[in-house]
Amino acid sequence: MGETGFSDQLWDELSGKTAKAFRMWPWTAAELKKNRTARLIAALPFVAGCEHPERTALAHLATFVLASSESCKRVFDHDESDNASPTARLAPIADFQGGDKAVIEEGMARLAMIMANGYQKDLEKDKKSGEYNPILAGAWKHETMASGLKSAITTEAVKTIDSVMTKDEALRSYWAQ
C-alpha cells in the first residue's frame, strides 16, 4: 500500500465493490474507476488513518454514486441552506471515525474546491436554466476559495493526500472527472 495506505489495487477493489453493489454497467464502472474525485473520497479515510477505513470509504462512495445519479441528483442539489460553508455542503461524506484531523480537513478542502470548480464552470448554464448556484448567487467566492487552498500551510501529514490528488490537481478538477 505504500506510505499513504492507499494503493491502485485497493482503489480497484473499492471501485469494483461499489460498481458491483450498484449493479453498474461495465462502462459506468469504468467511469467510476477513472474518476479522480471518487478516488480521493475513497482514499481519505485510509490516508487519514481512520478506524474502519474500508467501511467509511464504501459508505462515502455510495453517497457519491447516489448524488451523481440522474434518479437522485435533485435530492443532493445545492440550495440556499447549503451556503454556510463549502465543507458543510459535503456533510454526507464527512463522517470519519478517528484519524488525523488535519489530513481529513485538507482532503475535505480539496473536495470543496472541486465542487466549487463545477459551480464556476456552470455559471452560464445555471444562469440560463435558473438552477441554484452559490457562486452565481454571491454566497461563495471561487477566487477566495482557490486562494485559501493555495495558501494553506502544508504539513507533512497533509502531504500524504498529494499521492492521491495534489492541491494543484484539485484546483483544476471537477466532480465528474
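Results, tabulated for the structure shown:
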{"read-out": "Candidates VAL164, VAL47, VAL65: whichever shows maximal mean-square fluctuation once the chain is modelled as a Gaussian network with Cα springs under 10 Å", "value": "VAL65"}
{"read-out": "Candidates PHE64, PHE96, PHE76, ranked by Gaussian network fluctuation over the chain, Cα under 10 Å, top entry", "value": "PHE76"}
{"read-out": "Rg(Cα) / (2.2 N^0.38 Å) computed for the range 1-44, rounded to two decimals", "value": "1.13"}
{"read-out": "Test item: Cα-centred dipole of the range 49-108, Lys/Arg +1 and Asp/Glu -1 on Cβ, debye", "value": "140 debye"}
{"read-out": "Which labelled figure in (i) -0.30, -0.86, -1.10; (ii) -0.34, -0.90, -1.10; (iii) -0.46, -0.87, -1.04 is log10 I(q)/I(0) by the Debye sum over Cα atoms at q = 0.09, 0.15, 0.17 Å⁻¹, once derived from the coordinates", "value": "(i)"}
{"read-out": "Normalised convex hull volume, the range 2-99, alpha-carbon set, Å³ per residue", "value": "101 Å³"}
{"read-out": "Loop GluC sites (Glu not before Pro), the range 15-122 (other Cβ atoms within 10 Å of the site Cβ: 13 or fewer; DSSP)", "value": "GLU51, GLU70"}
{"read-out": "Spin-label pair THR28/ARG172, simplified geometry with 7 Å Cα→Cβ offset, distance in nm", "value": "3.1 nm"}
{"read-out": "Student exercise, the chain dipole from Lys, Arg, Asp, Glu Cβ charges, in Debye to nearest 20", "value": "420 debye"}
{"read-out": "The range 6-52 versus the range 130-177: alpha-carbon centroid distance in Å", "value": "21 Å"}
{"read-out": "Above-threshold pairs, the threshold being 20 Å between Cα atoms, out of LYS121/LYS167; LYS127/LYS167; LYS101/LYS159; LYS101/LYS167; LYS73/LYS125", "value": "LYS127/LYS167"}
{"read-out": "Candidates GLY138, GLY16, GLY99, ranked by Gaussian network fluctuation over the chain, Cα under 10 Å, top entry", "value": "GLY138"}
{"read-out": "Positive-end residue, the range 57-149 charge dipole about Cα centroid, Cβ charges, pick of PRO86, LEU123, ALA102", "value": "LEU123"}
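Values quoted throughout were computed directly from the atomic coordinates according to the rules given, and no laboratory measurement underlies them. This one's a predicted model, so the numbers in the text were calculated from it and none came from an experiment. Using ideal geometry, Cβ is built from the backbone for each residue, glycine included, and neighbour counts are taken over all protein chains shown.
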